[in-house]
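Trainee: My questions will all concern the structure given below.
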Amino acid sequence: MSKIDIRSLSLEQIENEFNKIGLPRFRASQVFDWLQNKGVMSFDEMTNLSKQLRSQLDESFEIKTCIIKRKLVSSIDGTVKYLFEFKDKSTVESVVMKYKYGYSICISTQVGCKMGCSFCASAIGGFCRNLTPSEMLCEVLAAQRDLNIKVSHIVLMGTGEPLDNYDNVLSFLRLVTDEKGQNLSMRHISLSTCGLVERIYELADENLQLTLSVSLHAPNDEIRQRTMPVAKKYGIDEVLKACKYYADKTKRRISFEYAMIKGINDSEENANELCRRLKGILCHINLIPVNEIKERDYKKSDADSLKRFVSVCEKNGFAVTVRRTLGSDINASCGQLRQSASENGVKNRENCC
Ligand code: SAH
């Protein structure tokens, strides 16, 4: 029988499991605290449990962990990128950024990605597997432990499509916001999706105070389909209808991500069309000058096009920002994360399932 992944369980679920083997509730609280707050790697570290109990637990439960395989620190802005390795040797990247308000971590939700967006490095190695709630949590805990910090914000914007790993991501969100665990505010967590329509409705119905970011990157289906295969499955109108539902239901402003690619989606006409489409949706437009990746020859929009685009959005009454690029010297910016240590192109596909 395979062991239960105990770091993925809520306190209540641990209590239920412990109840089955005759352990009192306070034991579950102790163990939950070790797993969620102290980030232990084994039952042996749980020093307030007897040796006998530790080995009993070890027989039925597994503690997922990760190790730091590589760490890079940006000399420009201090952004830190980790390559974490899980027990099965698969690896993901995560990035810690420092802002005025505190630390934010960008985590991966899958090993690799199925979505195949043509401008994104995460798509290049293909898809390996979903991360478990505990593995996502390990990214946070390992970074916090290494840097001796507490993060206040999490963005699910690393490798993978969070809504393609829906149940695990939801469990992770519940764990990391548990007041007996990391106790993060749901309002300080952003989830980014390329637009899996059914899942956006489902997420809206969870009615969480989570920020939803939607990777739009184009004002119409024709352009969107050129860069994002998912656009062939879900038309832009369908995606935006789901976004409107999300915003109306949760009263949270959607953030539309728009990578500005020279000559592809950055004209004034594109900006006008985007504004027409987004009319009536509680939202914010986040422009990201596309980060260049070596496998593709997409180029960033020039400063003039960017300025013109911003001014069209503003004239139409939209809140618009241009995303600051952090960690560019260590390939830690949007769309630059992958399954391997990406700064030197080393691939470790053999580690992939
Ligand atoms: N799969 C999810 C989560 C990834 S988040 C999603 O698509 O939203 C990563 C964000 O960076 C997404 O908005 C993605 O579209 C964007 N991105 C990918 N490649 C990029 C690049 N080369 N330059 C700028 N942004 C990029």
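The values are calculated or read from the model by the stated rules, or taken from the named source; none is laboratory data. All values reported here derive from a predicted model rather than from experimental measurement. Glycine gets a Cβ as well: all are built from the backbone with ideal geometry, and neighbour counts include every protein chain shown.
Trainee: For V312, are the conditions met, namely being within 16 Å of the ligand (Cβ to nearest atom) and either of a type in the set (A, V, I, L, M, F, W, C) or at pLDDT 95 or above (or both)?
Mentor: no
Trainee: All but one of (1) touching a helix residue (DSSP H, G or I) at 6+ places or on another chain (Cβ under 7 Å); (2) at pLDDT below 95; (3) not polar (S, T, N, Q) hold for L287; which doesn't?
Mentor: Here L287 meets the rest and fails (2).
Every residue, every condition in (1) farther than 14 Å from A142 by Cβ; (2) modelled with pLDDT of 95 or more, yes or no:
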{"site": "Q52", "(1), (2)": "yes, yes"}
{"site": "F61", "(1), (2)": "yes, yes"}
{"site": "V80", "(1), (2)": "no, yes"}
{"site": "V92", "(1), (2)": "no, yes"}
{"site": "Y101", "(1), (2)": "yes, no"}
{"site": "Q110", "(1), (2)": "yes, yes"}
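Trainee: Filter the range 92-115 for residues that are within 13 Å of the ligand (Cβ to nearest atom) and not in a strand (DSSP E or B); which is surrounded by the fewest Cβ atoms within 10 Å (Cβ to Cβ)?
Mentor: Result: K114.
Trainee: Then there is this: Can you tell me how many residues in the range 146-183 are away from the ligand (no atom under 11 Å from the Cβ) and among the acidic types (D, E)?
Mentor: 4
Trainee: I've got another one for you. Can you name every one of the helices (runs of 4 or more DSSP H) wholly within the range 184-266 that holds 2 or more residues which are of a type in the set (V, I, T) and either more than 14 Å from the ligand (Cβ to nearest atom) or surrounded by fewer than 16 Cβ atoms within 10 Å (Cβ to Cβ) (or both)?
Mentor: 236-250
Trainee: Starting from residues that are surrounded by 16 or more Cβ atoms within 10 Å (Cβ to Cβ) and in a helix (DSSP H, G or I), keep the ones in the range 309-321 and report whichever is farthest from the chain's Cα centre (by Cα).
Mentor: Of everything passing the filter in the range 309-321, V312 is farthest from the chain's Cα centre (by Cα).
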